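First the structure, in the form of structure tokens, and then the observations on it.
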Amino acid sequence: MIIDAHTHVYENGSHGGVEQLITQMKEAEIEKSIVIALPNVCSNIWLLSQCEQNIGTLYGMVFPNFSLETWEKDLINLFSHKCCVGMKIHPRIQNIELDDQRVERAFEIAEQYGMPVEVDIFPWGERLNSPSLKPFALHPITQKFPNIKIIIAHCGAPHILETMLLAKSNKNIYIDLSFFLKYFEGFSFIQDLEPLCKKIGYERFVYGSDFPYINLNQYIVIVQNMFEDITNKNFEMLTYLNTKEIFKI
Ligand SMILES: [Zn+2]
């Protein structure tokens, strides 16, 4: 059994919709998926309604909508929804830095509601050189909230050695494996992943794909090939057990 802890669905159905996700999940024998809301992809409320219609299969991760004055109250309401399992901060898409007061306030609320927080620091596009888009940028907020489980999306690629040092210094850091193994296929730093897992421990990793940008079946094959030499127990931790525990699903 596998849980995919990193997928998206488009509210307007333009790239990948709920039906397409569920079809691919069946094909790839993925039992559950955590779907992440993002500005211009899907709204929090719509996502949670879709999860409710697919209860036990889809779970929602919401983002604080800093563009609304009511964002704190809204976030509390979202966290109270039975299908909400976490919060996402995406500094590049949300146009915010990790040292912003509002990010700290969102973490305070997440802590209060026992929500894990995923942060995407993938450097790309107009905000390529933003100071928040590197693994070490997560260190201050991670230190400030030692009780929150913080997941670094896409393994912090391409800076995965920095991710290793971040995880070594902070026991509450977890590492998401989505997207980068396909995007950086053939690049030498991918070979650093297995030593990274050994150094940090397989209990700190979560499997994800990044559907619809990545095909579910294709990605699980890439990950199976990458980890073909590890024990079944370790593989089960990284594709199922850790996510179950972190997100309480
Ligand atoms: Zn994503």
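Every number in this text was worked out from the coordinates using simple rules, so none of it is lab data. Owing to the predicted nature of the structure, the values given are computational and were not obtained by experimental measurement. Counting neighbours? That spans all protein chains shown, and the Cβs are built from the backbone with ideal geometry, glycine included.
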Give the percent of DSSP beta bridges with both residues in the chain that are antiparallel, rounded to the nearest 5. 5 percent
Fewest-first ranking of TYR202, TYR213, using other Cβ atoms within 10 Å as the exposure measure: TYR213, TYR202
Just ILE121, ILE214, ILE152 to compare: in a GNM of the chain, with alpha carbon springs under 10 Å, which one fluctuates most? ILE214
Please turn the phi angles of segment 103-114 into ³J(HN,Hα) values with the Karplus equation 6.51 cos²θ - 1.76 cosθ + 1.60 (θ = phi - 60°), one per residue in order, whole Hz, x for glycine and proline. 5, 4, 5, 5, 5, 4, 5, 4, 5, 4, 9, x
If each DSSP helix of 4+ residues adds -39,500 (n - 2.57) and the sum is divided by the residues in the chain, what number results at 222 nm, nearest 500 deg cm²/dmol? -10500 deg cm²/dmol
Running a GNM on the chain with Cα contacts under 10 Å, which residue among GLU108, GLU118, GLU69 ends up with the highest mean-square fluctuation? GLU69
Rounded to whole Hz, the Karplus (6.51, -1.76, 1.60) HN-Hα couplings of segment 15-31, x for glycine and proline: 9, x, x, 4, 4, 5, 4, 5, 4, 5, 4, 5, 4, 8, 6, 9, 6
Mind listing the long-range amide H neighbours of CYS42? Cut-off is under 5 Å, sequence gap 5 or more, other chains count too, H placed in the peptide plane at 1.01 Å from N. GLU11
Expressed as a rounded percentage, what relative contact order does the chain have, with Cα pairs under 8 Å and six or more residues apart? 19 percent
First select every other residue whose beta carbon is under 9 angstrom from the beta carbon of TYR207; then total the charges, Lys and Arg +1, Asp and Glu -1. -2
For segment 18-83 and segment 173-216, distance of Cα centres in Å: 22 Å
Return ASP176, ASP192 ranked ascending by Cβ neighbour count within 10 Å, so the fewest neighbours appear first. ASP192, ASP176
In segment 67-217, if every C-alpha pair distance is counted and binned at 5 Å from zero, what percent goes to each bin? 2, 9, 19, 22, 21, 16, 9, 3, 1, 0
